[in-house]
Amino acid sequence: MFENIRADLVNYRGDWTAQGFWVMLVYRFGRWRYGIRIALVRKLFSFVYKLLFKLVQIITGIELPCEVEVGKNFVIDHFGGIVVSGYAKFGDNCRIRNGVVVGLKNVDDVVAPVFGNHVDIGAGAKILGRITIGNNVHIGANAVVITDVPDNAIAVGVPAVIKMKRSQ
């Protein structure tokens, strides 16, 4: 847990006052508590986690449940209006911004998006449903993504149009 927290602090350039860092701190604590073997102690820490989760959610406007799988260097770049489904999965080096929603498309299909590595999600984007977002993908501000996005692509618009990045 502490190794991950140190890495998160580096991602936030040592700014422990960054609200994204606070969210990651509570997230790491929530993941860590699953490893406690003594049931009574785990339940106590689960209660503490739920209080911290709600407090951080109220203060920052960010909902990142500990059930979400995040890779290395996950960064919440701005705070406010961020909701991530507990079913989502993120690869390494992903970045999300304010107003982003990552979740279910239908309540009957409880599967959220799976993200590859090096994904940059613009402010206000909505990524919904049983979809896969490839590696090295940029999702534009306010895009609504409801279909798979291949590697090395850009998704922009409502609904999102997929464009391949130009090779350099």
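The values are calculated or read from the model by the stated rules, or taken from the named source; none is laboratory data. What you are looking at is a predicted structure, and each value in this text was computed from that prediction instead of being measured. Quick reminder, even Gly has a Cβ in these numbers, built from the backbone with ideal geometry, and neighbours come from all protein chains shown.
Just a few scattered comments:
- Odd one out for PHE90 among (1) outside the structural domain of ASP151 (by TED's automatic domain parsing); (2) within 26 Å of VAL10 (Cβ to Cβ): (1)
- Scanning segment 8-27 for residues that are in a helix (DSSP H, G or I) and closer than 17 Å to ILE82 by Cβ yields a count of 11.
- Listed here are the strands (runs of 3 or more DSSP E) enclosed by segment 66-141 that have at least 1 residues being out of contact with any Pro (no Cβ under 8 Å at 6 or more places or on another chain) and among the basic types (Lys, Arg): 126-128.
- Scope segment 1-27; condition of a type in the set (D, E, K, R) and crowded, with 19+ Cβ neighbours inside 10 Å; matching residues: ASP8
- LYS105 vs. criteria closer than 18 Å to LYS126 by Cα, of a type in the set (D, E, K, R), out of contact with any helix residue (DSSP H, G or I) (no Cβ under 9 Å at 6 or more places or on another chain) and surrounded by fewer than 19 Cβ atoms within 10 Å (Cβ to Cβ): yes
- Only listed residue being crowded, with 18+ Cβ neighbours inside 10 Å and more than 16 Å from the chain's Cα centre (by Cα), chosen from ALA125, ALA88, ALA153, ALA112: ALA153
- Residue that is surrounded by the fewest Cβ atoms within 10 Å (Cβ to Cβ) [pool: residues in segment 28-84 that are hydroxyl-bearing (Ser, Thr, Tyr) and in contact with a helix residue (DSSP H, G or I) (Cβ under 7 Å, 6 or more places away or on another chain)]: SER46
- Set ILE59, ILE5, ILE36: member being assigned to a loop (DSSP other than H, G, I, E, B), farther than 30 Å from PRO150 by Cα and out of contact with any strand residue (DSSP E or B) (no Cβ under 6 Å at 6 or more places or on another chain): ILE36
- Search result, residues across segment 8-27 that are modelled with pLDDT of 95 or more and either over 16 Å from ASP77 (Cβ atoms) or acidic (Asp, Glu) (or both): LEU25, VAL26
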